[in-house]
Structure formats: structure tokens, C-alpha cells
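Just so you know, all these numbers are worked out from the coordinates, no wet-lab data involved. Note that this is a predicted model, so its numbers are computed, not measured. Here Cβ is always computed from backbone atoms with ideal geometry, including for glycine, and neighbour counts include all displayed protein chains.
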């Protein structure tokens, strides 16, 4: 797939994925949704990519939210489905065909009902590589909710954030009703959601939404420094497993569920070439050269959440 709304650049095993609609403050569209999902698919399949940085083009915005060019019908899937498709349309542009029957009843399980931002958040959640958000400017609506399944968020001192849904007559999207309270706690999540206010980088830092603030010119160097920490001297298979273990097991109700998966991970990794290389390189006081690849050497029990045998 060729990309019109994002840039895909790989250097030193780090993918920089840049949201690129600077003339529209990098506003989110259905085309961008498809391109970003494709980019994460592509990155997961490429063993040369070890970490991902997501940022915005220019110095004004990371992503200013959904493109509002459709006006009052921006979030009305049914109305949008009856309009001609134009470049730069809203993220719900595919419409509601098939979801609404002739008598007006809605099939709530139909694919057309699904939120586009949620599709992207779920794809990021499933990623096998560490993901860093480098928030260079305004991040509002889906521009901030897409960051929540990313592993670490750092921001420019000039960045601004807003969970503005209640001010648009909408509700939290992109799975943020699940991710946000886990990132910042329920009270802060509700405060930001109820008010719909746009707030500054310092409040985002104090509320736990971002890890650290940086001068605009220092943001990407810090993101790359972090990414290199994840790339250098680590097993890519172990990193991929660790990412999924921590994200998925955080939502379980009993530590026994974590014990089951920890145990399978330790047992399978202990038999691997990576484990032998990790120990040997440590004893020999040299940098490791891990042989296992994410594309072909994930353990037999992975993905455990899709298999009843491992539940």
C-alpha cells in the first residue's frame, strides 16, 4: 500500500510513523485509519523493525482529532453513507450500509457500526513491537485516544490534549473507555471526560498521561533514545511477549492467570536459542546476538488468549 496521509521511515531498526496532513493539523480520516493499520501490519511482519515512534507532521499538531469537513453529519454514519465520497472525509466515511434495516432497526453487531478509531487502537494494542508516542502538538479526540494503547507517551512542552467528546455531543471512542482509566486512574479519566476541556502539557504530565515533557527540538531525540534502549541488547521475541503479557494480564482478575502465562513463557524461552545466547553473552561480557525472530519463533502457546487450551 502507498501512503498519502502518513510517512513511514525506518532507520537503525526504529520505524518513525508520522501522521502527515499538516495543512489540516493532521486530522484523522478513514484513509488515514486504513494506512495506519497497514503500517502496523507491515511493521509487525518486518523483523528489522524493533521499535515504533508515532508523531505528527509539523510543529502545530500530533493529530487534531477527526476531520470535521462533513459538518453536522461528521459522526452520523447513516447520513454519510448517502453522500459522495470525497478526499479528506471524516473517519466514519464508509457509512452505515447494512447496519440499518428498512424498518429503521439497527443491527448493533454489524461491522458498519464499529468505531474507526477503535479499530486502530485495537491494532496498536496487538502490536508486537514497543510503541512510543512523541506528541509534538495538539492531540484532541482520536488524536489523544489513539495514544492510549501506545506504551510510552512523551510530549513537547507546547502539546495540548483534550478528550472533547462531551462537548461534541459524543462519547469516548477508540476504546478509551477501557484504556484511559488504566493509564491515569478513574477519577482523572472522569474529570477530563466529563469536562471535555483542552488542557496543557503540564497537566497531562501531572495527571500521568505522559511520561515526560521536552523542548520541541528535544522531543524526537528523546523518543529515539528511548527506542534505542528497547532495541539494544534485548531479545525481540522476549520484548514482544513481554508487551502482550503486561497489557493483557493487567486486565485479569486473579494473579493465577498471570502465573499460568509467566510459567509458559519462562518454560518456552528457557529452551530457546535466545536464552542460551543471553546467558552466554553475559558471562562472556559481550553484546548479545539473539537468533530468534518474531516472525517465526514466537512460542507455541502464543497467542494464548485465542486458544482455550491455554486458558
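How high is the relative contact order of the chain, in percent, counting Cα pairs under 8 Å that sit 6 or more residues apart?
Result for the chain is 15 percent.
Provide, in order from the shortest bin, the percent of all Cα-Cα pairs of the range 235-310 in each 5 Å bin, continuing until the bin that contains the maximum pair distance.
Pair shares across the bins are 3, 15, 25, 23, 16, 11, 6, 3, 0.
At a threshold of 8 angstrom on Cα-Cα distance, excluding pairs fewer than six apart, so keeping six or more, what relative contact order does the range 127-190 reach in percent?
Reported as a whole number, the value is 32 percent.
Take the alpha carbon gyration tensor of the range 166-268, find the square roots of its eigenvalues, order them as a ≥ b ≥ c, and report rounded if a/c is under 1.5; if not, report prolate when a/b exceeds b/c, else oblate.
oblate
Averaging over all projection directions, find the projected area of the Cα convex hull of the range 217-278 and quote it in nm² with one decimal place.
5.3
Going by average Cβ density within 10 Å per residue, which order do the peptides 131-139, 165-173, 178-186 take, highest to lowest?
131-139, 178-186, 165-173
Sequence gap at least 6, Cα distance under 8 Å: using those rules, report the relative contact order of the range 235-310 to the nearest whole percent.
36
Calculated from DSSP H runs of 4 or more alone, at -39500 (n - 2.57) each and per residue, what is the 222 nm mean residue ellipticity of the chain, nearest 500?
Taking each H run of at least 4 residues, the total per residue is -11000 deg cm²/dmol.
Once the principal axes of the Cα atoms of the range 6-229 are found, what is the range along each, listed largest first in whole angstroms?
Per principal axis, max minus min of the Cα coordinates gives 57, 39, 31 Å.
Rounded, prolate or oblate, given the Cα gyration tensor of the range 132-187, with a/c below 1.5 counting as rounded?
Because a/c hits 1.5 or more and a/b fails to exceed b/c, the range 132-187 counts as oblate.
For the chain, give me the percentage of DSSP beta bridges that are antiparallel, rounded to the nearest 5 percent. Walk me through the intermediate numbers first.
On the way: 10 of 33 bridges.
In the chain, DSSP labels about 30 percent of beta bridges as antiparallel.
What's the center-to-center distance, using Cα atoms, between the range 211-229 and the range 19-67 in Å?
18
Which angle from 0 to 90°, rounded to the nearest 10, does the C-alpha axis of helix 219-231 make with the longest principal axis of the chain?
Approximately 40 degrees, to the nearest ten.
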